Amino acid sequence: MSRILFTTMPMAGHLRPGLPIAQQLVADGHEVAWYTGGKYLPLVEKVGATAVRMDPALDFDDAEIDARPGRRPGLQALKAAILDVFIRPIPDWVAELDRVLDEFAPDVVVAEQGFMAGPIAGERRGIPSVVFSVSPLGISSADAPPFGTGLLPSSSTLGRLRNRSLNWALRSVVLAECQRAAEQVRARLGLPPMTSYFMDWGAHLADRYLVPSVPEFEYERRDLPGTVEFVGPMLPAGIDDLTPPPWWADVLAARAAGRPVVLVTQGTIATDPRNLILPTVAALAGLDALVIATAIGFDADEVLPADDRPANLRVTPFVPFTELLPLVDVMVTNGGYGGVQTALAHGVPLVVAGLTEDKMEVSARVTWSGTGVALRTDTPDPQQVRDGVTAVLGDHRFGRRARELQAVYAGYDGPRRAAASIAEVAEARRPVG
């Protein structure tokens, strides 16, 4: 059996997709340690991994990222986040990981795509690495528009020319400062220069680059690196316990009566309820549908006092999506990648709002795959949400396409395949005999 070190950003959307993989590796008999922020250590320990706490000076609360002053949607926000959150702290993380590598002596380092400190620390010590993505595939290609633009693909001659031009502009102009900062990090750490786009480094540094999705939800690329493997979604089954809320019987009754069930969620970072929760509640108050809203990051009793709630609304701080989604007819979401993957794995069509982080890319893929409607705004008004929900409920093509993808997803066991791939890399390094 092998010793495997996970390294992730202290962010729910970056850490949670790895939990089913670690759980599978532990079940297979491997020794797993996990380096991340203090907020998520209980989840790490729950799957059987040894938690290694990030230095509090390097740690942060992902719930506060959305409140950064001057934050705006689009490429400028992406640029600022890449510099401040993902690139500049790398040398300090690597210094701390050096001590972890000494103590744990892993056979392989596993990282999510945003935590390049993991593969870089392994590279410096000759330890192989595996990277798993936590957003739509962002590897540069002549067949796809660059990540962060939210454009739909085109593989025609003109489309490929557009893609090449935009890829050059993004690397050499829009994100040139990020490219220089990433190259400076490698120089500071005594590593040889890399000439490729820094957003592609995960696929170039790692022995395997695992995509927790299916090819049918991703743009076709004929020039993907050989390290890339689609393994299927990382469904969090068994990670979270279900304590049925008092209104659970209402959901079952709605399903039995053929009444639509609509779930609205904003994920774990962009949690201001004015962005999506409140517009959705207002939009659907008059519909014959049961609406379930997740209250993450805000006090539901303060924002939605019980006396002011529409009769068709149920609010919960948290409910495991793997338990709820089989009972849902449409999910309204700000476009978190993991949540969208989980919805489609359960055949649930989508109404997607969101432009920050990777959300415009998720929205574009929902549109491209025909699995839902993209509102193309961070702050839709109630009419926009209502139009989106009624469109998805009224046009059976969205539900049919979501169920088609569900059948595709069912052919994958993401955690098992990802765990096997990691074990293969680890075992290839271990001496024989």
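Listing for the model above:
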item	result
Most fluctuating residue given options Pro136, Pro17, Pro215, as computed from a GNM of the chain linking Cα atoms under 10 Å	Pro215
Rounded tilt (10° steps) of 382-394 against the dominant C-alpha axis of the chain	90 degrees
Inverse mean reciprocal Cα-Cα distance (Kirkwood Rh) of segment 82-174, Å	15.3 Å
Calculated from backbone phi, Karplus (6.51, -1.76, 1.60) coupling profile of segment 24-35 in Hz, x at Gly/Pro	5, 4, 4, 4, 7, x, 7, 9, 10, 10, 9, 9
Kirkwood estimate for segment 136-181, i.e. one over the average of 1/r between Cα atoms, Å	10.7 Å
Residue-averaged 222 nm ellipticity for the chain, from DSSP H runs of 4+ at -39500 (n - 2.57), nearest 500	-11500 deg cm²/dmol
Given charges at beta-carbon only (K, R positive; D, E negative), |dipole| of the chain in Debye	1180 debye
Exposure rank, largest accessible area first [Thr195, Thr379; 1.4 Å]	Thr195, Thr379
Square roots of five times the Cα gyration tensor eigenvalues for segment 1-140, Å	25, 16, 15
FRET efficiency, 1/(1 + (r/R0)^6) with R0 41 Å, evaluated for Thr243 and Glu177 via beta carbons	0.30
Antiparallel DSSP beta bridges within the chain, as percent of all bridges there, nearest 5	0 percent
Solvent accessible area, Å² - His204, 1.4 Å probe, full protein context	90 Å²
Segment 299-389: equivalent-ellipsoid semi-axes (sqrt of 5 x gyration tensor eigenvalues, Cα, Å)	23, 17, 12
Solvent exposure of segment 141-199 as accessible area per residue, Å², 1.4 Å probe	51 Å²
Over segment 214-362: Rg over Rh, Cα atoms, Kirkwood Rh	1.00
Per principal axis, descending, Cα span of the chain in whole Å	63, 50, 43
Equivalent ellipsoid dimensions for segment 346-433 as semi-axes, Å, which come from the Cα gyration tensor, largest first	38, 17, 8
Kirkwood-Stokes translational diffusion coefficient of segment 121-222, alpha-carbon pairs, 37 °C, 0.692 mPa s, µm²/s	219 µm²/s
For the chain, built as a Gaussian network whose Cα springs stay under 10 Å, the top-fluctuating residue of Pro119, Pro349, Pro310	Pro310
Ranked by how many other beta carbons lie within 10 Å on average, peptides 281-288, 382-389 from highest	382-389, 281-288
Projected-area average for segment 186-230 over all orientations - Cα convex hull basis, square nanometres	3.9 nm²
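The values are calculated or read from the model by the stated rules, or taken from the named source; none is laboratory data. Note that the structure is a prediction, hence the values are computed from the model and not measured. Please note: Cβ atoms are built from the backbone with ideal geometry, for glycine as well, and neighbour counts cover all protein chains shown. Accessible surface is based on the protein model in full, side chains and every heavy atom, while ligands, DNA and RNA are left aside. Shrake-Rupley method; radii C 1.70, N 1.55, O 1.52, S 1.80 Å.
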